[in-house]
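Peer 1: Supplied in structure tokens, the structure appears directly below.
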Amino acid sequence: MTTEKPASPRLTAKHQGEIAYIRQMRPQDILSPVPAGLFCKPGNFHIDPVRPVERAVITHGHSDHARAGHGAVLATQETLDIMRLRYGENFAGSTQAVRYGEEIRLGDVSVKFQPAGHVLGSAQIAVSCKDTCIVASGDYKDVRDPTCAPFEVVPCDVFITEATFGLPVFRHGNAADEVKKLLASVALFPERAHLVGAYSLGKAQRVIALIREAGYDAPIYLHGAMEKITHYYQSRGIALGELKPVRGMKKADLAGAIALAPPTATSDIWTRRFPDPVTAFASGWMRVRARARQRGVELPLVISDHADWDGLTATIAATGAGEVWVTHGQEDALVHWCQTRGLAARPLDLVGYGDEEESEALSEGEEA
Ligand SMILES: [Zn+2]
């Protein structure tokens, strides 16, 4: 006589199907583009929303990604500080600072911030739900920058990449070599001032740090619109040497000097306070000669805070992602590149993200 063991519970095909579905949640059910930005339904938050929302997760402080008026904002301490500098104390209902590598639970997902190497405090945001991980990288670059934490590759299933310089023609080269060109020109024209157009958040401080690394130790002059943010970088321990405001300087005393200013200021009446200025512009777009000519730039400096073509493609490969969503920039070539390598890829139609390297507008409250 045999004793019958009670039947162990067995998974029916239906159960197994449900479990497989839960484990492999479709990426578009985790993050999807909506008019306000990239929305995470299971976590009930938006990433870099372009309209006021209840809960925002912000990648970095550039104004097209970090806007005022959200209910709650989750970002790195630096990004929160930069937003506060730009928009004032009441820029959000509430804020929460997150460290790189720290995991935060939001609804049914967990989010983790990892360095994006773009500007001080910039982060990629890894959103994990069940067994699926999507990385929204915001803006990023994979080359050295003495003013921010270096980019880290985050393995993921879906990688969301920018495509600002998403064409094979864009290869930025070595930023230190561009700064050498600037210093060679300063040595060649000691009677002239050198006026370097650079975006106020990130680019300006990186250019200053590179000038210092090249051994230039005279004071560097700042346009008024750059003072607050540059002093903030110094307060976070970024060594930038002696900085002075252009304001109040006599024209003759600026002979041989280097001054940094927002790109718009380098083509307006403000430049008249400098002796015979050489106009330089630090941007990835300076690879395109016509752009430099159009802007009247005498000394184009190819220095970008965005990954170039090689950086974009190398990063996509390094993440191991099988699927790539391409946003803000020149999506087509990058989508095609992914597809030829057997990756699922599509452009993500997000609106409202510009390119700070081309940005012309001075933020409110910033004075010349
Ligand atoms: Zn940016």
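Peer 1: Which ones in segment 69-79 are away from the ligand (no atom under 16 Å from the Cβ) and either assigned to a helix (DSSP H, G or I) or over 21 Å from Lys112 (Cβ atoms) (or both)?
Peer 2: Gly69, Gly71, Gln77
Yes/no matrix, rows are residues, columns are (1) part of a loop (DSSP other than H, G, I, E, B); (2) open to solvent by 10 Å² or more (accessible area, probe 1.4 Å); (3) over 24 Å from Lys203 (Cβ atoms):
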| residue | (1), (2), (3) |
| --- | --- |
| Thr59 | yes, no, no |
| Ser63 | yes, yes, no |
| Arg67 | yes, yes, no |
| Met83 | no, no, no |
| Arg99 | yes, yes, yes |
| Ile104 | no, yes, yes |
| Leu120 | yes, yes, no |
| Val153 | yes, yes, no |
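Peer 1: Let me ask something additional. Does Ile125 satisfy the criteria of being within 16 Å of the ligand (Cβ to nearest atom) and β-branched (Val, Ile, Thr)? Explain how you work it out, then say what you get.
Peer 2: Details: within 16 Å of the ligand (Cβ to nearest atom): yes; β-branched (Val, Ile, Thr): yes.
It is true that Ile125 is within 16 Å of the ligand (Cβ to nearest atom) and β-branched (Val, Ile, Thr).
Peer 1: What tally of residues in segment 38-57 results from selecting those that are assigned to a loop (DSSP other than H, G, I, E, B) and touching a Gly at 6+ places or on another chain (Cβ under 6 Å)?
Peer 2: Adding up the residues that qualify gives 8.
Peer 1: Right, here's the next one. Can you pull out every residue in segment 316-338 that is in a helix (DSSP H, G or I) and either within 16 Å of the ligand (Cβ to nearest atom) or open to solvent by 10 Å² or more (accessible area, probe 1.4 Å) (or both)?
Peer 2: Filtering segment 316-338 down to residues in a helix (DSSP H, G or I) leaves 316-319, 331-338.
Passing the criteria: Ala317, Ala318, Glu331, Asp332, Ala333, Val335, His336, Trp337.
Peer 1: Just give me the residues in segment 231-261 being among the β-branched types (Val, Ile, Thr) and closer than 21 Å to Leu299 by Cβ, in sequence order.
Peer 2: Across segment 231-261, the qualifying residues are Val246, Ile258.
Peer 1: Sticking with this structure for a sec: Please enumerate the residues belonging to segment 128-142 that are within 15 Å of the ligand (Cβ to nearest atom) and open to solvent by 10 Å² or more (accessible area, probe 1.4 Å). Steps first, please.
Peer 2: Narrowing segment 128-142 to residues within 15 Å of the ligand (Cβ to nearest atom): 136-142.
Result: Gly138, Asp142.
Peer 1: Scan segment 339-368 residue by residue and report those that are assigned to a loop (DSSP other than H, G, I, E, B) and modelled with pLDDT of 95 or more.
Peer 2: Matches in segment 339-368: Arg341, Gly342, Leu343.
Peer 1: Considering only segment 270-284, how many residues are touching a residue at least 60 places away in the same chain (Cβ under 8 Å), open to solvent by 20 Å² or more (accessible area, probe 1.4 Å) and not hydroxyl-bearing (Ser, Thr, Tyr)?
Peer 2: The number of residues fulfilling the criteria is 3.
Peer 1: Select from segment 187-204 the residues that are of a type outside the set (Gly, Ala, Ser), open to solvent by less than 20 Å² (accessible area, probe 1.4 Å) and in a helix (DSSP H, G or I) and list them in ascending order.
Peer 2: The answer is Lys203, and nothing else.
Peer 1: For Ser94, indicate whether it is closer than 19 Å to Glu54 by Cα, open to solvent by 10 Å² or more (accessible area, probe 1.4 Å) and free of Cβ contacts under 8 Å to residues at least 24 places away in the same chain.
Peer 2: Details: closer than 19 Å to Glu54 by Cα: yes; open to solvent by 10 Å² or more (accessible area, probe 1.4 Å): yes; free of Cβ contacts under 8 Å to residues at least 24 places away in the same chain: yes.
Considered against the rule, which asks whether it is closer than 19 Å to Glu54 by Cα, open to solvent by 10 Å² or more (accessible area, probe 1.4 Å) and free of Cβ contacts under 8 Å to residues at least 24 places away in the same chain, Ser94 comes out as yes.
Peer 1: Same structure, new question: Please specify each residue of segment 130-152 satisfying the condition of being more than 21 Å from Ala75 (Cβ to Cβ) and touching a Ser or Thr at 6+ places or on another chain (Cβ under 6 Å).
Peer 2: Asp142
The rows are residues; the columns are (1) open to solvent by 40 Å² or more (accessible area, probe 1.4 Å); (2) on the phi > 0 side of the Ramachandran plot; (3) outside any helix (DSSP H, G or I); (4) touching a residue at least 60 places away in the same chain (Cβ under 8 Å).
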{"site": "Asp177", "(1), (2), (3), (4)": "yes, no, no, no"}
{"site": "Lys180", "(1), (2), (3), (4)": "yes, no, no, no"}
{"site": "Arg206", "(1), (2), (3), (4)": "no, no, no, yes"}
{"site": "Arg212", "(1), (2), (3), (4)": "yes, no, no, no"}
{"site": "Gly215", "(1), (2), (3), (4)": "yes, yes, yes, no"}
{"site": "Tyr221", "(1), (2), (3), (4)": "no, no, yes, no"}
{"site": "Lys244", "(1), (2), (3), (4)": "yes, no, yes, no"}
{"site": "Arg247", "(1), (2), (3), (4)": "yes, no, yes, no"}
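The values are calculated or read from the model by the stated rules, or taken from the named source; none is laboratory data. Just so it is clear, the model here is predicted, and its values are computed rather than measured. Every residue, glycine among them, receives a Cβ derived from its backbone with ideal geometry; neighbour counts consider all protein chains shown. Keep in mind that these areas ignore ligands, DNA and RNA; they rest on the heavy atoms of the full protein, side chains included. Shrake-Rupley method; radii C 1.70, N 1.55, O 1.52, S 1.80 Å.
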